[in-house]
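**Q** Below is the structure I would like to discuss, written out as C-alpha cells.
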Amino acid sequence: MKKTLLVAVFALFGATAFAQSGSGFGIKAGLSYNKNGDLISSVGDGGQDIIEGAEGKAGYHVGFWGKLDFPKIYLRPELVYSKTKSSYEVDGDSQDYDISKLDMPVLLGYKLIGPLHIFAGPAFQYTLKNDLGDLEVEDVKNDFTVGLNAGVGVNLGKIGLDVRYERGFSENEAEFIGNNVTDISGRVDSRPSQVIFALSLKL
C-alpha cells in the first residue's frame, strides 16, 4: 500500500511536465479547524459507556502541490503534512487528541469565472501518530484511510487562496486506557471533520 501511494505521488507530480502552460507545481501552508468523531469511554466503577463529542480546535498543514491545467478544468494532486487537534472531556478532565498525518488529496477543479474556481476529490490519508492527552493510546486501527475534500478558491498570479471542507469516510478508531487501568478505558473516532484555509505559491 505504501509503495502504491508513492508511485501515485510521483506519477501525478511528474505528469505536470507534459501539460499546458498553466500547469506547474508549488508549495502550500495554512490553518484548519478540526473536530474528530465521538469518544466512547468505560468508567471502571460504574461500568457504563459514555459517549462524548469532540470540541474543535485549530491545527495546521504544510506541503506541496502539482497541477495539470486544461481550458475549463484542472487536476491537482497534493502531498501535505497535517497536524489536527480536538478536545474531549474524559473522566472529568479535558484531554487534547492530537493527530499527525500525511494527506494526498487528488482534486478535480472547474474554473467558474476569472480567478474563481471550485474543486473536489478524494483524500488519501496515512496516520503517523495520535495522542490523547496523558492517556495511553494505541495506534489507530487503519493507518491508511480515505476522505473527501471539496472547496472553492481564487488564483491571483502565483498566489492562490482556498477554503475547503475535509471529511474522513473510512471508519477508524484508536483504543486508550488511563494511567490507572481500573480507572477508565475506551476508544476514540479518529476520522477528521475540518475546515481548511490554505495559501499556495506557484514556484
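The values are calculated or read from the model by the stated rules, or taken from the named source; none is laboratory data. Remember, it's a predicted structure, so these values are computed and weren't measured experimentally. Virtual Cβ from ideal backbone geometry, glycine too; neighbours counted across all protein chains shown.
**Q** Which residue out of V106, V140, V195 is surrounded by 15 or more Cβ atoms within 10 Å (Cβ to Cβ), in contact (Cβ under 8 Å) with a residue 40 or more places away in the chain, over 23 Å from K67 (Cβ atoms) and touching an Asp or Glu at 6+ places or on another chain (Cβ under 9 Å)? If you could, list the steps in order and put the result at the bottom.
**A** On the way: V106 fails: over 23 Å from K67 (Cβ atoms); V195 fails: over 23 Å from K67 (Cβ atoms).
None of the other options fit; the residue is V140.
**Q** Looking only at residues that are surrounded by fewer than 19 Cβ atoms within 10 Å (Cβ to Cβ), in contact with a Phe, Trp or Tyr (Cβ under 9 Å, 6 or more places away or on another chain) and of a type outside the set (G, A, S) in segment 148-190, which one is modelled with the lowest pLDDT?
**A** R187
**Q** Pull up segment 63-103, narrow it to residues that are among the basic types (K, R) and part of a strand (DSSP E or B), then point me to the one that is surrounded by the fewest Cβ atoms within 10 Å (Cβ to Cβ).
**A** So the first thing to find is which residues in segment 63-103 are among the basic types (K, R), and the list is 67, 72, 76, 83, 85, 101.
With the extra rule that they be part of a strand (DSSP E or B), the set shrinks to 67, 76, 83, 85, 101.
Numbers: K67: 24, R76: 24, K83: 17, K85: 21, K101: 21.
Out of the qualifying residues, it is K83.
**Q** Is it the case that A15 is out of contact with any Pro (no Cβ under 8 Å at 6 or more places or on another chain), surrounded by fewer than 21 Cβ atoms within 10 Å (Cβ to Cβ) and either at pLDDT below 85 or of a type in the set (S, T, N, Q) (or both)? Let's see the steps before the verdict.
**A** On the way: out of contact with any Pro (no Cβ under 8 Å at 6 or more places or on another chain): yes; surrounded by fewer than 21 Cβ atoms within 10 Å (Cβ to Cβ): yes; either at pLDDT below 85 or of a type in the set (S, T, N, Q) (or both): yes.
The answer is yes for A15.
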